[in-house]
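Shown next, in structure tokens, is the structure this report addresses.
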Amino acid sequence: MDTTTAPPTDAPPPPPVFDKGAPKAKKQLGDRIFLGLSRGSGITLLVIMAAIAAFLTYRAMLAISKDETNFLTTFEWNPQGEPVSFGIAVLAFGTVVSSIIAMVIAVPIAIGIALFISHFAPRRLAAPIAYLVDLLAAVPSIIYGLWGAVFLVPYLDGLNKWLDEYFGWTYIFDKTNEGIARNLFTVGILLAIMILPIITNVIREVFLQSPKMIEEAALALGATRWEVIRMAVIPFGRSGIISASMLGLGRALGETMAVAVVLSPSFLLSFHILDAGGGTFAQNIAAKFNEANGFGRDALIASGLVLFIITLLVNGAARAIIARRKEYSGANA
């Protein structure tokens with residue numbers, strides 16, 4: 001008597017066996033064209049970046065080799081004088097300080113606006129506000145500069161005096177001269193207004209992509225609206241917040257015309273941000289490029305190389321931070 005039992009009819013079929021030696025499917029013509037265009041675009045971008053870096057480095061070396069002082073620590077810009085003397089200490093300080101002020105002001109406000117548009121405002125109100133934010137991002141920088149010089153500078157004089165009176169003990173807000181508010185603090189506020197739409201738009205789109213199922217589950221468990229945002233929305237959008245902040249920081253570092261219109265340039269390094277004066281890389285290049293001779297332009301290009309390196313370092317740091325926090329990216333949610 002045969003006691004063997006037949007396999008159950010509902011058993012899953014065996015996995016398919018693929019012939020490794022079988023020829024691969026031939027790519028369509030459109031796929032090959034698209035792949036070639038994508039690779040070509042990426043390579044073209046790398047070539048352009050390398051060409052810019054090589055040009056800046058070559059022209060910068062021509063100027064630095066003839067500098068009779070220390071390019072990194074000199075508080076003077078006189079490449080056409082005798083002796084030749086120019087340095088980026090004041091420019092680097094002004095660029096970094098004004099950008100930090102702008103980020104401290106803009107990022108929290110941008111997060112609040114993005115949360116209001118994406119999670120609090122009614123749809124009829126959210127759409128017009130988002131449209132206005134988009135319009136602010138399209139305003140030319142020279143318009144911001146003119147508005148800052150005509151309107152912002154006079155009205156910030158009272159704020160500067162108030163900060164000096166109540167926070168002058170911090171040294172940073174200690175106003176040591178009676179000049180008008182054409183200082184790094186005013187530049188930082190103006191830059192914050194300029195980068196606010198960019199940061200807000202990116203963060204808003206990230207918050208809108210947060211998983212609705214997680215938010216609804218948290219609400220069903222009794223979480224408040226703020227707890228849902230704190231535990232579900234913000235962790236999900238953390239990498240987007242960092243990316244948006246770095247994008248805004250890149251514009252703040254390289255902003256030219258608005259800063260040139262508002263700031264009273266000087267090469268006096270001062271940690272009193274309410275004192276008139278200061279300078280940034282972009283503002284100095286825009287102000288002195290036309291009147292500079294060949295060597296003077298090489299010196300300006302040398303300062304541009306430093307700004308180029310700072311921008312690359314900032315973006316590289318942002319990419320490193322995002323790569324370390326992949327668990328918060330939308331792709332892994």
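The values are calculated or read from the model by the stated rules, or taken from the named source; none is laboratory data. These figures come from a predicted structure and were not determined experimentally. Glycine also receives a Cβ, built like all others from the backbone with ideal geometry; neighbour counts cover every protein chain displayed.
Looking only at segment 35-68, count how many residues are within 15 Å of residue 296 (Cβ to Cβ) and assigned to a helix (DSSP H, G or I).
5
Listed here are the residues, each with its yes/no results for (1) among the hydrophobic types (A, V, I, L, M, F, W, C); (2) exposed (fewer than 13 other Cβ atoms within 10 Å of the Cβ); (3) out of contact with any strand residue (DSSP E or B) (no Cβ under 8 Å at 6 or more places or on another chain).
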| residue | (1), (2), (3) |
| --- | --- |
| 41 | no, yes, yes |
| 48 | yes, yes, yes |
| 54 | yes, yes, yes |
| 57 | no, no, yes |
| 60 | yes, no, yes |
| 86 | yes, no, no |
| 89 | yes, no, yes |
| 92 | yes, no, yes |
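Filtering segment 154-190 down to residues that are touching a Ser or Thr at 6+ places or on another chain (Cβ under 6 Å) and assigned to a helix (DSSP H, G or I), which residue is surrounded by the most Cβ atoms within 10 Å (Cβ to Cβ)? Reasoning before the result, please.
Let us first name the residues in segment 154-190 that are touching a Ser or Thr at 6+ places or on another chain (Cβ under 6 Å), namely 156, 182, 184, 187-188.
Pick out the ones that are also assigned to a helix (DSSP H, G or I) and you get 156, 184, 187-188.
Numbers: 156: 21, 184: 29, 187: 31, 188: 22.
Checked segment 154-190; the qualifying residue surrounded by the most Cβ atoms within 10 Å (Cβ to Cβ) is 187.
Does residue 71 fit the bill of being at pLDDT below 85, assigned to a loop (DSSP other than H, G, I, E, B) and touching a helix residue (DSSP H, G or I) at 6+ places or on another chain (Cβ under 6 Å)?
Working: at pLDDT below 85: yes; assigned to a loop (DSSP other than H, G, I, E, B): yes; touching a helix residue (DSSP H, G or I) at 6+ places or on another chain (Cβ under 6 Å): yes.
Criteria met by residue 71.
Quickly run through segment 278-289 and pick out the residues that are of a type outside the set (Phe, Trp, Tyr) and modelled with pLDDT of 85 or more. Explain how you work it out, then say what you get.
Filtering segment 278-289 down to residues of a type outside the set (Phe, Trp, Tyr) leaves 278-280, 282-288.
Across segment 278-289, the qualifying residues are 279, 280, 282, 283, 284, 285, 286, 287, 288.
Could you give every pair whose Cβ atoms fall below 8 Å, whose first residue belongs to segment 215-226 and is farther than 14 Å from residue 119 by Cα, and whose second residue is of a type in the set (A, V, I, L, M) and surrounded by 14 or more Cβ atoms within 10 Å (Cβ to Cβ), counting only separations of at least 6 or pairs across chains?
From segment 215-226, the pairs are 218/228; 218/231; 218/232; 223/231.
Out of segment 247-270, which residues are under 19 Å from residue 105 (Cα atoms), surrounded by fewer than 22 Cβ atoms within 10 Å (Cβ to Cβ) and of a type outside the set (Gly, Ala, Ser)? Spell out the reasoning first.
Taking segment 247-270 first, the residues under 19 Å from residue 105 (Cα atoms) are 247-255, 258-259, 262-263.
Subsequent filtering for residues that are surrounded by fewer than 22 Cβ atoms within 10 Å (Cβ to Cβ) retains 247, 250-251, 253-254.
Residues satisfying the conditions are 247, 251, 253.
Would you call residue 297 more than 20 Å from residue 112 (Cα to Cα), part of a helix (DSSP H, G or I), of a type in the set (D, E, K, R) and in contact with a helix residue (DSSP H, G or I) (Cβ under 6 Å, 6 or more places away or on another chain)? Can you show your working first?
Numbers: more than 20 Å from residue 112 (Cα to Cα): yes; part of a helix (DSSP H, G or I): yes; of a type in the set (D, E, K, R): yes; in contact with a helix residue (DSSP H, G or I) (Cβ under 6 Å, 6 or more places away or on another chain): no.
Judged against the criteria, residue 297 is not a match.
Tally the residues that are farther than 18 Å from residue 67 by Cβ, hydrophobic (A, V, I, L, M, F, W, C) and touching a residue at least 60 places away in the same chain (Cβ under 8 Å), restricting the search to segment 291-316.
Of all residues in segment 291-316, those farther than 18 Å from residue 67 by Cβ come to 291, 308, 310-316.
Next cut, hydrophobic (A, V, I, L, M, F, W, C) only: 308, 310, 312-314.
In the following step, the residues that additionally are touching a residue at least 60 places away in the same chain (Cβ under 8 Å) were identified as 308, 310, 314.
Total satisfying the criteria: 3.
Could you please let me know if residue 185 is closer than 18 Å to residue 249 by Cα and among the aromatic types (Phe, Trp, Tyr)? Show your work before the answer.
Working: closer than 18 Å to residue 249 by Cα: yes; among the aromatic types (Phe, Trp, Tyr): yes.
Against the criterion (closer than 18 Å to residue 249 by Cα and among the aromatic types (Phe, Trp, Tyr)), residue 185 qualifies.
Among the residues of segment 236-248, are any free of Cβ contacts under 8 Å to residues at least 40 places away in the same chain and part of a loop (DSSP other than H, G, I, E, B)?
No.
How many of the residues making up segment 119-151 are surrounded by fewer than 13 Cβ atoms within 10 Å (Cβ to Cβ) and closer than 18 Å to residue 264 by Cβ?
Qualifying residue count, segment 119-151: 2.
Every residue, every condition in (1) of a type outside the set (Lys, Arg); (2) in contact with a Pro (Cβ under 6 Å, 6 or more places away or on another chain); (3) more than 29 Å from residue 128 (Cβ to Cβ), yes or no:
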site	(1), (2), (3)
192	yes, no, no
232	yes, no, no
248	yes, no, no
275	yes, no, yes
279	yes, yes, yes
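Of the conditions (1) among the β-branched types (Val, Ile, Thr); (2) modelled with pLDDT of 85 or more; (3) part of a helix (DSSP H, G or I), residue 273 fails just one. Which one is it?
(3)
Which one of these is among the aliphatic types (A, V, I, L, M), in contact with a strand residue (DSSP E or B) (Cβ under 7 Å, 6 or more places away or on another chain) and at negative phi: 232, 292, 276? Before you say what the answer is, go through the steps one by one.
On the way: 232 fails: in contact with a strand residue (DSSP E or B) (Cβ under 7 Å, 6 or more places away or on another chain); 292 fails: in contact with a strand residue (DSSP E or B) (Cβ under 7 Å, 6 or more places away or on another chain).
None of the others qualify; the one that does is 276.
Could you list, in sequence order, all residues of segment 141-200 that are among the aromatic types (Phe, Trp, Tyr) and free of Cβ contacts under 8 Å to residues at least 12 places away in the same chain? Even if it seems obvious, please write down each step before you answer.
Residues of segment 141-200 that are among the aromatic types (Phe, Trp, Tyr), as a first pass: 144, 147, 151, 155, 162, 166-167, 169, 171, 173, 185.
Of everything in segment 141-200, those that are among the aromatic types (Phe, Trp, Tyr) and free of Cβ contacts under 8 Å to residues at least 12 places away in the same chain turn out to be 147, 151, 155, 162, 166, 167, 169.
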